[in-house]
Amino acid sequence: MTSETPDTLDQAMARSQGLDTLLRDLTDRAVVRVPGAVACSVTVRRADRLMTLAGSSGLPSGLDLRQYENGSGPCVDAAETGSAQYAPDLATETRWPAYTEYALATGVRCVLALPLDVEGERCAALNYYGLEPGSLDQARDAARAFAERAAYAVNEALRVERQRASAADVRTALLSRSVIDQAVGMLMARERIDAHQAMERLRRVSQHRNVKLRDLCGELVARASGGVSGGRQ
């Protein structure tokens, strides 16, 4: 069987310790599962630039980087246009002259770049590399099937990471609110002022010292806690 089954990719996702680990596992699996592929990489656009999120072992680092630098190549075109790009023999390829010269120097003769439908990413592609002319001719169906499953797995991993990030943001916000409330309460008790006056005073000090309100309040609470501990000793 040449295409990856849903179960094996789901299992890989479950085992992974994050998106980076998952993508490295997927690119290595692609090389095993797609006949003729000797290397594989994942291209995405982040922060307005294309980058390689992961590559299989044995992937020359410049194969993708040269495309990003030139703004031209099969990976770039697949990611940005959403259309598959296949170059059966780079020695006769005329679409990306600057890139093909470098790729041929590394020994790569055949490239297949398939767009990935990744939620939240404007551009993404899964890229396969072969050493012989036409080495991916018979594997294009298997490569597409793998890319579809890879997109599903990557989307799931991204969803989990977004949930974790959101939960972390909520925890941070709650901790910030807690320490600010403590500082306001301390200032109210010490200065005999109301909550609004205490908050305004803290904000003025925060602006004057050019520090975040959360950090200022944390400092005040920590100092007060140290004073209490010291008084008990």
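The values are calculated or read from the model by the stated rules, or taken from the named source; none is laboratory data. Everything quoted here is computed from the prediction, not taken from an experiment. Here the Cβ positions follow ideal geometry from the backbone for every residue, glycine too, while neighbour counts run over all protein chains shown.
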Query raised in the report: Has the stretch 104-116 got at least one residue that is in a helix (DSSP H, G or I), among the charged types (D, E, K, R) and in contact (Cβ under 8 Å) with a residue 24 or more places away in the chain?
Result: no
Query raised in the report: Of the residues that make up the stretch 163-175, is at least one basic (Lys, Arg), under 20 Å from Thr52 (Cα atoms) and at pLDDT below 95?
Result: no
Query raised in the report: Can you find a residue in the stretch 186-208 that is under 30 Å from Tyr99 (Cβ atoms), surrounded by fewer than 16 Cβ atoms within 10 Å (Cβ to Cβ), of a type outside the set (Val, Ile, Thr) and at pLDDT below 85?
Result: no
Query raised in the report: So which of Leu26, Leu63, Leu22, Leu90 is farther than 21 Å from Ser135 by Cβ, assigned by TED's automatic domain parsing to the domain that holds Gly134, of a type in the set (A, V, I, L, M) and buried (at least 19 other Cβ atoms within 10 Å of the Cβ)?
Result: Leu22
Query raised in the report: Tell me, which residue of the stretch 1-38 that is modelled with pLDDT of 50 or more and of a type in the set (D, E, K, R) is nearest to the chain's Cα centre (by Cα)?
Result: Asp20
Requested in this report: Kindly provide the set of residues from the stretch 36-58 that are outside any strand (DSSP E or B) and either crowded, with 22+ Cβ neighbours inside 10 Å or polar (S, T, N, Q) (or both), ordered by number.
Outcome: Ala37, Ser56, Ser57
Query raised in the report: Looking only at the stretch 42-74, which residues are farther than 15 Å from Tyr102 by Cβ and touching a residue at least 40 places away in the same chain (Cβ under 8 Å)?
Result: Val42, Thr43, Val44, Arg45, Arg46, Leu50
Query raised in the report: Given the structure, is Thr100 under 15 Å from Gly73 (Cα atoms) and either surrounded by fewer than 16 Cβ atoms within 10 Å (Cβ to Cβ) or touching a Cys at 6+ places or on another chain (Cβ under 7 Å) (or both)?
Result: no
